[in-house]
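This report concerns only the one structure given below.
Laboratory data are not the source of any read-out in this text; all were calculated from the coordinates shown. Computed from a predicted model, the values in this text were never measured in an experiment. Note that each Cβ is placed from the backbone with ideal geometry, even for glycine, and that neighbours are counted across all protein chains shown.
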Amino acid sequence: MIGKVTSRLKVGVALVAMVSQLTAGPAAAFCGFYVAKADSKLFNKSSKVVLTRDGNQTAITMASDYEGEPKEFAVVIPVPTFIERKQIGVVDTKTIDHLDAYTAPRLVEYTDEDPCRPMMAVASVRGVPRPMAMMVQRAGDRYAGVTVEASYDVAEYDVSILSANESNGLVNWLTDNGYKIPDGATAVLGSYIKQNMRFFVAKVNRERMQLIGNGYLRPLQVRYETAKFMLPLRLGTVNANGPQDLLVYALTRKGRVEAANYRTVKLPTGMDVPLYVKAEFGKFYKAMFDHAVERENMRAVFVEYAWDMGWCDPCAAEPLSNKELVELGARWIGDASGTPFRGGGAPAFVTRLHVRYDAKSFPEDIAFLETQDRENFQGRYVLRHPWQGGASCPAAQAYRAELPVKLAKQAANVVDLTGWPRREVEAQMENNGQAGMGR
Amino acid sequence: MPISHHIRLRVSRCFKRAPSYQREERSVLLRLLRPIWSDARHLQIVALTSLLTINFAAIDFGARPPASAFAVAASLITQAICARLTKTPLDLRSPLITGLSLSLLLRAEEPWMHAVAGVIAIASKFLLRIDGKHVFNPAGFAIVVLLLCSAGVWISPGQWGASIWFAALLGFLAIMVLHAARRGDIAIYFLLSHAALLCARAAWLGDPWAIPVHQLQSGSLLIFTFFMISDPRTSPGSPLGRFLFAFAVAALAHYLAFFVQMRPALYFALIALSPATFLIDRILPAPRFAWNVPALKGAPR
C-alpha cells in the first residue's frame with residue numbers, strides 16, 4: 001500500500017550500457033521507470049526482462065541492477081489488464097542469473113589436434129555472464145479520473161494497480177505519492193490510458209524489507225492473460241540521455257520469439273578469433289555488439305541465443321531446473337520439481353534478445369511474435385590453440401603452412417566483427433605470441 | 001488503351017526524328033526492353049527477384065533459398081498441372097509472382113511448407129471461382145489458410161530497413177505509374193487509407209508522428225499493397241468500387257490489429273472481404289479485367 005512517504009522520491013530514467021565481462025555480473029533490471037532519491041546514486045546496469053508466454057498467458061519478470069538505497073526504489077509499468085494479488089510475486093534473483101548465464105554468448109576454446117594423429121579435440125567453454133554497466137539520469141487538480149483499483153503487500157514491495165481516465169490526474173497522483181515523473185511522460189501515459197492499460201506501480205516497503213532481511217531487492221513478477229505480446233518501453237525513453245540496453249529472455253512453448261515491428265537480426269556467430277580475445281572477451285563482445293548496432297542503425301533487435309531449454313552444447317551454464325522455469329512463469333511444463341528440465345513432456349524454448357534503443361530509433365513499443373522456428377542458435381566465438389607438439393609427417397607440414405592463413409583469417413574476423421583497426425589487432429596478436437602470423 | 005501501347009507509340013514517334021545511327025541503337029534496346037515493360041507483371045517479377053537477391057546477398061530479411069525454390073517451383077508446377085487439367089493455356093507469369101511473394105513473406109519451420117503454400121495458392125485460383133473469376137488473391141489465401149491451420153508458419157514482419165523500404169516503394173510506384181491503366185489505383189487508395197488510419201490513431205493517442213511513420217515502414221505492407229490487394233484479377237472493376245474495397249480492407253485490418261490484437265491483420269482482412277468484390281461489382285459494374293490483350297479467354301492467370 002502506498003502511504004505517505006517521508007522522503008521525496010524521484011523518478012530517474014534508467015540508462016543502460018552494456019559491458020560484457022568474464023566474471024559473473026550482478027543480477028539486474030526493469031522496463032519502466034526507476035525511482036530514487038534525488039541525491040542517491042543509481043546504478044541500474046541493465047534492464048533484464050524474462051517474458052514468458054504460452055497462448056495468451058503471459059508472465060513478465062523484471063530484474064534490476066539497482067544499486068541505490070533499496071528503500072528509494074520504485075517502478076511504474078503499464079499493464080494490459082487488472083492484476084489480482086495472486087498474479088504478482090517475487091522471484092529469486094539467482095533464477096534470473098542462472099537463465100542469464102545459460103543463454104550468455106560464449107567463448108569456446110579448442111586445441112588443434114596433432115595433425116599426424118587426427119581427432120582428439122579438447123574443448124572448454126566460458127560464458128560471458130553479465131554484460132553491463134550503467135548510469136542513470138534524473139529527469140524531472142489533482143487525481144481526476146484516477147482509481148486505485150487495488151493495493152497489495154508483495155514481499156518487500158508495496159504494489160498498487162491504478163487505472164486512469166486522463167494523464168494529468170495520474171501524474172498528480174504519482175507525484176503526490178512520491179513518484180516524480182519526468183517531463184514528457186504525461187503524453188506517453190496518456191497514450192497508454194487511451195489504450196485501456198492500467199498501471200502497476202511498486203515501491204519498497206522499508207519495514208518489510210528489514211523483516212525479510214535480504215538487503216537487496218528481488219525481481220518482481222506479474223502474470224496476466226492478454227492478447228498483447230509486447231513490452232512497454234516508451235516510458236523508459238522519456239528524457240533518457242542516450243540509448244539504453246535491454247535484454248529480453250523469452251520463454252515459450254513453440255519456438256523462437258522475434259520482434260513483430262522491428263527487424264530481428266541474429267548476431268554474427270561461430271567465428272574463429274585470436275587467442276588474445278580470451279583475456280578480454282568482455283571488451284570484444286561489447287565492441288562486436290556496438291558494431292552490429294551501428295551496422296543496423298540501431299533499429300534492430302538482436303538474437304544472442306535461441307535454444308531448446310532441455311539441453312545446450314556447449315553449455316555456458318547447466319540448463320534450468322523445472323522449478324526455476326515454473327518460477328519464471330513456464331507453468332505449462334507441468335513439473336515443478338528441482339530436477340533439471342529435460343523437455344521430455346512439454347517443450348520450452350528460450351530466445352535471448354538484446355536491444356539497444358532510444359526514443360528515436362524505437363519510437364513504438366516492441367511487439368513480439370512467437371514463431372515456430374526451433375532451430376538452435378547461439379552467440380559463440382572460437383579460440384583455436386595451434387598444435388604445439390613436434391610432428392614431422394607431411395600432414396604436419398601442411399598444417400604449419402596453413403597456420404598463417406588461419407591467423408590472418410582470425411585477425412580479419414575480429415576487425416570485421418568489432419571495427420577495431422587491423423594494426424591494433426595484429427599488435428595484440430603479436431603481444432600474445434602470435435607474432436607476424438596475423439598478416 | 002493500355003499505357004504500354006501509348007509508350008510504344010510515343011517511342012516510335014521519337015524514332016522518326018532521331019538520326020539513323022541512333023535509331024538502330026534504340027531499336028535494339030527497345031526490342032530488348034519491350035517484352036519487359038509490355039506487361040506490368042514483368043516489371044513486378046524483376047522487382048521481386050531483386051528484393052529476393054538483396055535478401056540472399058546483402059540484407060537478410062529471413063527468406064531462405066530452399067524455401068524460396070520450393071515456393072516458386074510449387075506455384076509454377078501447380079499452374080502447369082491445373083492449366084492442363086482445365087485445358088487452359090499456360091501462363092507462368094502470375095504464379096511466378098505468387099511464388100516470389102510467398103518467398104518474401106512466408107516463414108516456416110520446414111522449407112517444404114513453402115511448397116504447400118504454393119500449391120494452395122495456385123489451386124485456389126482454379127477451384128475457388130465465382131462467375132468464372134477467382135475469388136481470392138492466391139498468395140494471400142495460402143497465407144491465411146496456413147496461419148489458420150497453425151501449420152508451423154508465420155509471417156515475416158518485413159522490416160527491410162529504411163533504405164530498401166524506400167527503394168522498394170519507389171520501384172513499386174514506378175511500375176504502377178508505368179501501367180497506370182491497370183487498376184493500380186487501388187494500391188494508392190489502400191496505402192492512403194491505411195496511413196490515414198494509423199495517423200488518426202496516433203493523433204487520438206497523442207503519440208509522436210514517428211510511430212505511424214515507423215508502422216508504415218514494413219516490407220510486408222508493401223508486398224501486400226502492390227501485389228495482393230492490387231491484384232487486378234481479384235479487385236473490384238470500378239474506381240469507386242476499388243476505393244471502397246481498399247478502405248474497407250484497411251479499416252478491418254486496423255480493427256483486427258489494434259482492437260483484437262490479431263497479427264498479421266492485413267491478410268485476414270483481405271481474404272475476409274474478398275468475396276465482397278462480387279457484390280461491389282454487381283452494384284458498381286465495370287468490364288472484367290484481363291491481363292494484357294485477352295488472347296486466351298477464360299484462362300485463369
Checklist entry - So what is Rg over Rh here for the stretch B:67-110, counting just Cα atoms and using Kirkwood for Rh? => result 1.05
Checklist entry - In whole angstrom, how far apart do the alpha carbon centroids of the stretch B:37-80 and the stretch A:161-209 sit? => result 49 Å
Checklist entry - Computed FRET efficiency, Cβ-Cβ of residue B:284 and residue A:342, R0 45 Å: what is it to the nearest 0.05? => result 0.15
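Listing B:230, A:321, B:163, B:68 from the residue with the fewest other Cβ atoms within 10 Å to the one with the most, what is the order?
Values: B:230 27, A:321 18, B:163 10, B:68 21.
With the fewest neighbours first, B:230, A:321, B:163, B:68 line up as B:163, A:321, B:68, B:230.
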Item to check | Over 26 Å (Cα to Cα) - which of A:86/A:360; A:266/A:360; A:228/A:254; A:278/A:360; A:254/A:278; A:48/A:86 fall in this group | outcome: A:86/A:360; A:278/A:360; A:254/A:278
Checklist outcome for this item: Amide H contacts under 5 Å for residue A:348, restricted to residues at least 5 apart in sequence or on another chain and with H modeled in the peptide plane, are A:309, A:310
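Step by step: find N for the stretch B:79-188, compute 2.2 N^0.38 Å, then divide the Cα radius of gyration by it. What's the final number? All intermediate terms of the calculation are to be shown ahead of the outcome.
On the way: Rg = 15.7 Å, N = 110, 2.2 N^0.38 = 13.1 Å.
Normalised Cα radius of gyration, the stretch B:79-188: 1.19.
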Next on the checklist: Can you compute the charge dipole magnitude of the stretch A:137-292 about its Cα centre, using +1 on each Lys and Arg Cβ and -1 on each Asp and Glu Cβ, nothing else charged? Give it in debye, rounded to the nearest 20.
Outcome noted: 480 debye
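Using the number of other C-beta atoms within 10 angstrom as an exposure proxy, rank A:181, A:366 with the fewest first. List each step's numbers first, then the result.
Values: A:181 26, A:366 23.
So the ranking, lowest neighbour count to highest, is A:366, A:181.
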Checklist entry - Say a paramagnetic label sat at a point 7 Å from the Cα of residue B:50, along Cα to Cβ; which residues of the stretch B:220-255 have their backbone N under 16 Å from it? => result B:222-223, B:226-227
Checklist entry - Which FRET efficiency value, to the nearest 0.05, is calculated for residue A:311 and residue B:195 with the Förster distance at 41 angstrom and r the Cβ-Cβ distance? => result 0.30
Next on the checklist: Taking every pair of distinct Cα atoms and averaging 1/r, then inverting, what Kirkwood hydrodynamic radius in Å comes out for the stretch B:174-215?
Outcome noted: 11.5 Å
Checklist entry - Taking R0 as 22 Å, what's the FRET efficiency between residue A:376 and residue A:294 from their Cβ-Cβ distance, rounded to 0.05? => result 0.20
Next on the checklist: Sort B:61, B:278 by Cβ crowding within 10 Å, fewest neighbours at the top.
Outcome noted: B:278, B:61
